[in-house]
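Q: Would you mind keeping the following structure in view while I ask a few things?
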Amino acid sequence: MLFEEERKRSIVQYIDTHTRGSVQELSRGLGVSESTVRRDLKELEEARLLKRTHGGAVSLRGAQYEPAVADKEAQFQEEKQRIARKAAGLVSEGDTILLDGGTTTLEIARELKAFARLTVITNSLLALGELKDCRHLEVSITGGMLRPDTLAFVGPMTERSLEMVRVDKAFIGTNGLDAREGITTPNMLEAATKRKMISVAKQAILVADHSKIGQVSFCKFADLRELDHCVLDAQTPDGFIRELGLQGIEYTLA
C-alpha cells in the first residue's frame, strides 16, 4: 500500500498525464477506498495541484506543461545518476556522441569526462558547461534558439547543424514514454530537434527514469520501435519491460 504522500503524488501524476480522472479509476488504480480518494482530491485542490469536478478531477497543467530545469534536476537524482553510469557503459573510446538537453543527459555528460578520446556534440547549455574545460574531448555546441525552460538549443538552426553530422550514439531524453502513444515532449521545437537527433545517429538510445513511463506530453517525436536501446531505472514497471521485449528493443536497467 502506498504512503499518503506517495499516493497523492501518484494521483497528481495520473491526472496530469490523462488530463482528467474519475474517483472510481483512481480508487481501483491505487487500491484504496473512494472516500480516501475524495479526501486526497480535496487536499490536492487546496494545494492548487488539480481541480475537482463532479466525480473526479482535471489537470491544471495539461499536456504542454513542462517543469523548469532546476526543478527537474532535483527529482530522481539518484536514479538519473545510475542511468548515466549505465549509459556511459555503452560508449567506447573514440565514439562520436550526441547529447540531447535534459537533466539525465547532464549526468551522462559528467560520466563522459572520464573518457580519454571522444567527440561530443550537444544542444544543451548545461552539458556544454560541464564539458567546456575537458581539453581531452572534442566538444561542439549546435547553436540555435535557446529555450529558457530547458536551457537547450532548438529550432531550424539547430536542425540545420545536426544535418551536417553523423554520430555513433545519440542519447535522447524525454518527458513522456508510453507503449501505445510513443515518446513525447511538451514543445514542438524540442520534438523536431529530438527527431533530427534520432535520424543522424547509428544508435538512438533513450534515457529515462521510471517517472516518465506512462506519461504523454503534447508532441510525439518517435515511436518505441525507432529506438535502438533504452536505459531505464530498476523501478520501471514490468509491463513496460515486456512491451520493449515484444518490440525487439534492447534495454538496460540501472
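Q: Scan 121, 108 and give me the residue that is buried (at least 23 other Cβ atoms within 10 Å of the Cβ) and either among the basic types (Lys, Arg) or under 26 Å from residue 225 (Cα atoms) (or both).
A: Values: 121 fails: buried (at least 23 other Cβ atoms within 10 Å of the Cβ).
Testing whether each residue is buried (at least 23 other Cβ atoms within 10 Å of the Cβ) and either among the basic types (Lys, Arg) or under 26 Å from residue 225 (Cα atoms) (or both) leaves just 108.
Q: Follow-up. Among strands (runs of 3 or more DSSP E) lying entirely in the stretch 151-254, which contain 1 or more residues that are surrounded by 19 or more Cβ atoms within 10 Å (Cβ to Cβ)?
A: Per the criteria, 152-154, 167-172, 176-178, 182-185, 201-208, 219-222, 229-232.
Q: Do we find that residue 221 is touching a Ser or Thr at 6+ places or on another chain (Cβ under 7 Å) and either free of Cβ contacts under 8 Å to residues at least 24 places away in the same chain or aromatic (Phe, Trp, Tyr) (or both) in this structure?
A: On the way: touching a Ser or Thr at 6+ places or on another chain (Cβ under 7 Å): yes; either free of Cβ contacts under 8 Å to residues at least 24 places away in the same chain or aromatic (Phe, Trp, Tyr) (or both): yes.
Here the answer is yes, as residue 221 does meet what is asked.
Q: Scan the stretch 141-148 and tell me whether some residue there is closer than 27 Å to residue 75 by Cα and in a helix (DSSP H, G or I).
A: Within the stretch 141-148, none of the residues are closer than 27 Å to residue 75 by Cα and in a helix (DSSP H, G or I).
Q: Another question, if that's okay. Just checking, how many residues over the stretch 173-219 are within 15 Å of residue 80 (Cβ to Cβ) and out of contact with any His (no Cβ under 7 Å at 6 or more places or on another chain)?
A: First pass over the stretch 173-219, keeping only residues within 15 Å of residue 80 (Cβ to Cβ): 173-175, 177, 205-213.
Subsequent filtering for residues that are out of contact with any His (no Cβ under 7 Å at 6 or more places or on another chain) retains 173-175, 177, 206-213.
Count: 12.
Q: At least 3 residues that are modelled with pLDDT of 85 or more in each: list the helices (runs of 4 or more DSSP H) lying fully within the stretch 2-105 that qualify. Walk me through how you get there before you give the answer.
A: Working: elements: 4-18, 23-30, 34-46, 69-73, 77-88.
In the stretch 2-105, the matching helices (runs of 4 or more DSSP H) lie at 4-18, 23-30, 34-46, 77-88.
Q: Ok, one more. Scan the stretch 141-150 for residues that are open to solvent by 50 Å² or more (accessible area, probe 1.4 Å) and touching a residue at least 12 places away in the same chain (Cβ under 8 Å) and jot them down.
A: Of the residues in the stretch 141-150, the ones open to solvent by 50 Å² or more (accessible area, probe 1.4 Å) are 141, 145-146, 148-149.
Correct list: 141, 145, 146, 149.
Q: Quickly run through the stretch 119-133 and pick out the residues that are touching a residue at least 12 places away in the same chain (Cβ under 8 Å) and either under 11 Å from residue 168 (Cα atoms) or outside any loop (DSSP other than H, G, I, E, B) (or both). Give the derivation first.
A: In the first step, residues of the stretch 119-133 are kept if they are touching a residue at least 12 places away in the same chain (Cβ under 8 Å); the result is 119-128, 130-131.
Answer for the stretch 119-133, where residues must be touching a residue at least 12 places away in the same chain (Cβ under 8 Å) and either under 11 Å from residue 168 (Cα atoms) or outside any loop (DSSP other than H, G, I, E, B) (or both): 119, 120, 121, 122, 124, 125, 126, 127, 128, 130, 131.
The values are calculated or read from the model by the stated rules, or taken from the named source; none is laboratory data. All figures in this text were calculated on a predicted structure; none of them were measured in a lab. Using ideal geometry, Cβ is built from the backbone for each residue, glycine included, and neighbour counts are taken over all protein chains shown. Each accessible area value is taken on the protein alone, full model and side chains, heavy atoms only, with ligands, DNA and RNA left out. Shrake-Rupley method; radii C 1.70, N 1.55, O 1.52, S 1.80 Å.
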